[in-house]
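Trainee: My questions all concern the structure below.
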Amino acid sequence: AQSVTQLGSHVSVSEGALVLLRCNYSSSVPPYLFWYVQYPNQGLQLLLKYTTGATLVKGINGFEAEFKKSETSFHLTKPSAHMSDAAEYFCAVSDNTDKLIFGTGTRLQVFP
Amino acid sequence: DVKVTQSSRYLVKRTGEKVFLECVQDMDHENMFWYRQDPGLGLRLIYFSYDVKMKEKGDIPEGYSVSREKKERFSLILESASTNQTSMYLCASTNRAGGGNEQFFGPGTRLTVL
């Protein structure tokens, strides 16, 4: 069975600081990995995904994530936080069934 | 622009009422999904459908049913609403691809059961 663990339900950073949101997964097959973002009162929007190939994946709004098989991790980073990055972020894993298993989410706060 | 729409943004119902949540996608996607989102629990899959008239249970199907009579429409039904079904409900769709495809989400319906 697949599962996702997001460490830290809340993360706070100052504007301009590094953003690091952690995600570890469990999967018995090569996983597909996703990061989604949810702004207040909206649905989820894809930030980036890893399927195969290059392990460093770049997404929208300056975010990137690195797939590390040995660590079963897919942490999300952004070099410099912006106020508009304040949102909830979800990591998800999928196998070959098109279903997603989501983590419990991390709420990012950005302070001026 | 791809689009998934949900019939209501906010809904208030009484305990015991039958509740219908509608979802429509305009992308000709085969797969459609219903999730509920609760604080601290993330998104949990209620039901999904790989094709018209086809449905499969997700992780938390109890108290819910679904209907998919047309490819673009996927309905979630609460047969007899209860207060523990107060939640945010999200619909999503994707192409059938054997994994790796982005799911497109609707804006959500916040349901309150009194």
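Here, each number is a calculation from the coordinates, and none is a lab measurement. Note that the structure is predicted; figures quoted are calculated from it, not measured. Positions of Cβ are backbone-derived with ideal geometry, glycine not excepted, and every protein chain shown enters the neighbour counts.
Trainee: Determine the shielding of peptide A:99-109 by partner chains: average, over its residues, the number of Cβ atoms on other chains within 10 angstrom of each Cβ. The partial results should precede the final answer.
Mentor: Details: counts 10, 10, 5, 7, 2, 6, 6, 0, 1, 0, 0.
For peptide A:99-109, the averaged partner shielding equals 4.
Trainee: Highest mean first, how do A:57-64, B:102-109, A:9-16 rank when packing is the count of other Cβ atoms within 10 Å averaged over residues? Walk me through the numbers before you get to the answer.
Mentor: Working: A:57-64: 15.2, B:102-109: 21.0, A:9-16: 13.5.
So the peptides A:57-64, B:102-109, A:9-16, ranked by packing, come out B:102-109, A:57-64, A:9-16.
Trainee: Taking the DSSP beta bridges in chain B as the whole, what percent of them are antiparallel, to the nearest 5?
Mentor: On the way: 35 of 39 bridges.
Bridges in chain B that DSSP calls antiparallel: roughly 90 percent.
Trainee: Let me ask something else about it. Taking R0 as 30 Å, what FRET efficiency do you get between B:GLU22 and A:THR5 from their Cβ-Cβ distance, rounded to the nearest 0.05? Display every interim value, and only then the final one.
Mentor: Details: r = 34 Å, r/R0 = 1.12.
Calculated value: 0.35.
Trainee: Setting aside same-chain residues fewer than 8 positions from B:LYS71, which aspartates and glutamates have a Cα under 14 Å from its Cα?
Mentor: B:GLU22, B:ASP26, B:ASP28, B:GLU30, B:ASP51
Trainee: Also, quick follow-up: Multiply the residue gap between A:VAL29 and A:ILE60 by 0.36 nm, knock off their C-alpha separation, and tell me the result in nm, one decimal place.
Mentor: Values: separation 31, 0.36 × 31 = 11.16 nm, distance 2.71 nm.
Full extension of this stretch gives 8.5 nm more.
Trainee: Right, something else. Pick from B:ARG73, B:ARG14, B:ARG44: which residue has the top mean-square fluctuation in a GNM of chain B where Cα pairs under 10 Å get a spring?
Mentor: B:ARG14
Trainee: Which of A:PHE102, A:PHE74 has the fewest other C-beta atoms within 10 Å, and how do the rest follow up to the most? Please list the in-between numbers first.
Mentor: Working: A:PHE102 22, A:PHE74 28.
Going from least to most buried by this count: A:PHE102, A:PHE74.
Trainee: If you don't mind, there's one more thing I want to ask. Given Cα pairs under 8 Å that are at least 6 residues apart, what percent is the relative contact order of chain B? Before the final figure, lay out the partial values.
Mentor: On the way: 299 pairs, mean separation 41.0, N = 114.
In percent, rounded to a whole number, it is 36.
Trainee: Please report the relative contact order for chain A, taking Cα pairs under 8 Å with a sequence separation of at least 6, and give it as a percent rounded to a whole number. Could the numbers behind the result be given before it?
Mentor: Values: 280 pairs, mean separation 42.0, N = 112.
Value for chain A: 37 percent.
Trainee: Oh, and also: With r defined as the distance between the Cβ atoms of A:GLN109 and A:GLN42 and R0 fixed at 30 Å, what FRET efficiency is calculated, to the nearest 0.05?
Mentor: Details: r = 17 Å, r/R0 = 0.57.
E(calc), rounded to 0.05, equals 0.95.
Trainee: Using only Cα atoms, what Kirkwood radius does chain A have, in angstroms?
Mentor: Numbers: mean 1/r = 0.0713 Å⁻¹.
Across chain A, the inverse of the average 1/r is 14.0 Å.
Trainee: Using the Kirkwood radius over Cα pairs, work out the Stokes-Einstein diffusion coefficient for the protein assembly as shown at 10 °C and 1.306 mPa s, in µm²/s as a whole number. List each step's numbers first, then the result.
Mentor: Working: Rh = 18.0 Å.
Reported coefficient: 88 µm²/s.
Trainee: Along the stretch B:7-18, what does the Karplus equation 6.51 cos²θ - 1.76 cosθ + 1.60 (θ = phi - 60°) give for ³J(HN,Hα), rounded to whole Hz, x for Gly and Pro?
Mentor: Along the stretch B:7-18, the couplings run 5, 9, 8, 9, 8, 10, 10, 9, 3, x, 6, 8 Hz.
Trainee: Amide H to amide H, which residues 5 or more places from B:TYR47 or on other chains are under 5 Å from it, using H placed in the peptide plane?
Mentor: B:TRP34, B:GLY58
Trainee: Now a separate question. Ignore the peptide's own chain and count Cβ atoms of other chains within 10 Å of each Cβ in B:94-101; give me the average, rounded.
Mentor: Details: counts 4, 1, 1, 4, 6, 12, 12, 6.
Across the residues of B:94-101, the mean count of other-chain Cβ atoms within 10 Å is 6.
Trainee: Take each of the peptides A:84-96, A:36-48, average the number of other beta-carbon atoms within 10 Å over its residues, and list them starting from the highest.
Mentor: Values: A:84-96: 20.7, A:36-48: 17.8.
In decreasing order of mean packing, A:84-96, A:36-48 become A:84-96, A:36-48.
Trainee: Provide, for q = 0.13, 0.15 Å⁻¹, the log10 of I(q)/I(0) from a solvent-free Debye sum over equal Cα point scatterers in the stretch B:10-108.
Mentor: Result of the Debye calculation: -0.42, -0.56.
Trainee: Also, I was wondering about something else. Using Cα pairs closer than 8 Å and at least 6 residues apart in sequence, work out the relative contact order for the stretch B:1-48, in percent.
Mentor: Values: 43 pairs, mean separation 14.8, N = 48.
Averaging sequence separation for qualifying contacts and normalising by length gives 31 percent for the stretch B:1-48.
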